[in-house]
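Structure in structure tokens, see below.
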Amino acid sequence: LKKQKKCAFVSPDFLRLEDLRAILALETSDAYTAQLAPLPSHYFAEMALMFLTHAPDDLRDSPTEVRAVLEDILNVREAKLRRFLHTGVTQRAAAVRIPALTAVDVNRMREPLAIALGVFHRIGLVQMQQEGLTQGHGTGQFTGSSATQTGSSQQTPLQRRTLRQAGR
């Protein structure tokens, strides 16, 4: 319908240049150095990209400027995610909580996220094994890529399942 000039889109308020700059300022503010700033919509970036691709003339401001500020927002979020993941891995955390994470953030960081999740999983396995051994809940031994279990009746079902999966 847009191509046939039978309709026009009304862009959401958060795609105004002043609102985008406010989002960028919030994302780079001191209040949000340790977390991602909340976005006006979970589908914020997807909606913006759809407008920029299919209806740039329906935006209230210059599409070039909107695209530049949007790219700045996404780049700042990507840099923060990289820093969060690096910090989590270097501190040997079993998990990292990232509120306000969107699908676009995950998609842009797909490979580093997959690597970090693998590291977190391995750290979690080691921690579970250490807790099981020190608390007397089991005596599973993890060696390289294979897991051998002794005293599996004393292990929780989660520990047994995790050890079986680690052995695959």
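The values are calculated or read from the model by the stated rules, or taken from the named source; none is laboratory data. Remember, it's a predicted structure, so these values are computed and weren't measured experimentally. As a convention, Cβ positions derive from the backbone with ideal geometry for all residues, glycine included, and neighbour counts pool all protein chains shown. Accessible surface is based on the protein model in full, side chains and every heavy atom, while ligands, DNA and RNA are left aside. Shrake-Rupley method; radii C 1.70, N 1.55, O 1.52, S 1.80 Å.
Residue-wise test of (1) open to solvent by 50 Å² or more (accessible area, probe 1.4 Å); (2) of a type outside the set (A, V, I, L, M); (3) under 30 Å from residue 42 (Cα atoms); (4) modelled with pLDDT of 55 or more.
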| residue | (1), (2), (3), (4) |
| --- | --- |
| 109 | no, no, yes, yes |
| 124 | no, yes, yes, yes |
| 130 | yes, yes, no, yes |
| 146 | yes, yes, no, no |
| 149 | yes, yes, no, no |
| 158 | yes, no, no, yes |
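Of all residues in region 47-91, count the ones that are assigned to a helix (DSSP H, G or I) and either under 30 Å from residue 121 (Cα atoms) or open to solvent by less than 40 Å² (accessible area, probe 1.4 Å) (or both). Give the steps one after another, and end with the answer.
Within region 47-91, the subset assigned to a helix (DSSP H, G or I) is 47-54, 56-58, 63-90.
Those left that are additionally either under 30 Å from residue 121 (Cα atoms) or open to solvent by less than 40 Å² (accessible area, probe 1.4 Å) (or both): 48, 51-52, 58, 66, 69-70, 73-90.
Here the count works out to 25.
Can you give me the number of residues within region 5-31 that are on the phi > 0 side of the Ramachandran plot and surrounded by 14 or more Cβ atoms within 10 Å (Cβ to Cβ)?
Summing the residues that are on the phi > 0 side of the Ramachandran plot and surrounded by 14 or more Cβ atoms within 10 Å (Cβ to Cβ) in region 5-31 gives 0.
Being at positive phi and open to solvent by less than 50 Å² (accessible area, probe 1.4 Å) is the filter here, so list the residues in region 92-107 that pass it.
Listed by number, the list holds a single entry, 100.
Select, from 18, 78, the only residue that is among the acidic types (Asp, Glu) and within 19 Å of the chain's Cα centre (by Cα).
Numbers: 18 fails: within 19 Å of the chain's Cα centre (by Cα).
Among 18, 78, only 78 is among the acidic types (Asp, Glu) and within 19 Å of the chain's Cα centre (by Cα).
If I ask for residues that are touching a helix residue (DSSP H, G or I) at 6+ places or on another chain (Cβ under 9 Å), closer than 17 Å to residue 27 by Cβ and of a type outside the set (Asp, Glu), which ones from region 48-74 would you list?
48, 66, 67, 69, 70, 73, 74
Do the conditions hold for residue 34, that is, is it over 25 Å from the mean Cα position of the chain (by Cα), at pLDDT below 90, open to solvent by 30 Å² or more (accessible area, probe 1.4 Å) and of a type in the set (Gly, Ala, Ser)?
No: the conditions fail for residue 34.
Go through region 37-46 residue by residue and tally those that are in a loop (DSSP other than H, G, I, E, B) and open to solvent by 50 Å² or more (accessible area, probe 1.4 Å).
Step one: filter region 37-46 for residues in a loop (DSSP other than H, G, I, E, B), giving 37-43.
Restricting the remaining residues to those that are open to solvent by 50 Å² or more (accessible area, probe 1.4 Å) gives 38, 40, 42-43.
Residues in region 37-46 being in a loop (DSSP other than H, G, I, E, B) and open to solvent by 50 Å² or more (accessible area, probe 1.4 Å): 4 in total.
In this structure, is residue 33 over 30 Å from residue 86 (Cβ atoms) and among the hydroxyl-bearing types (Ser, Thr, Tyr)?
In short, no.
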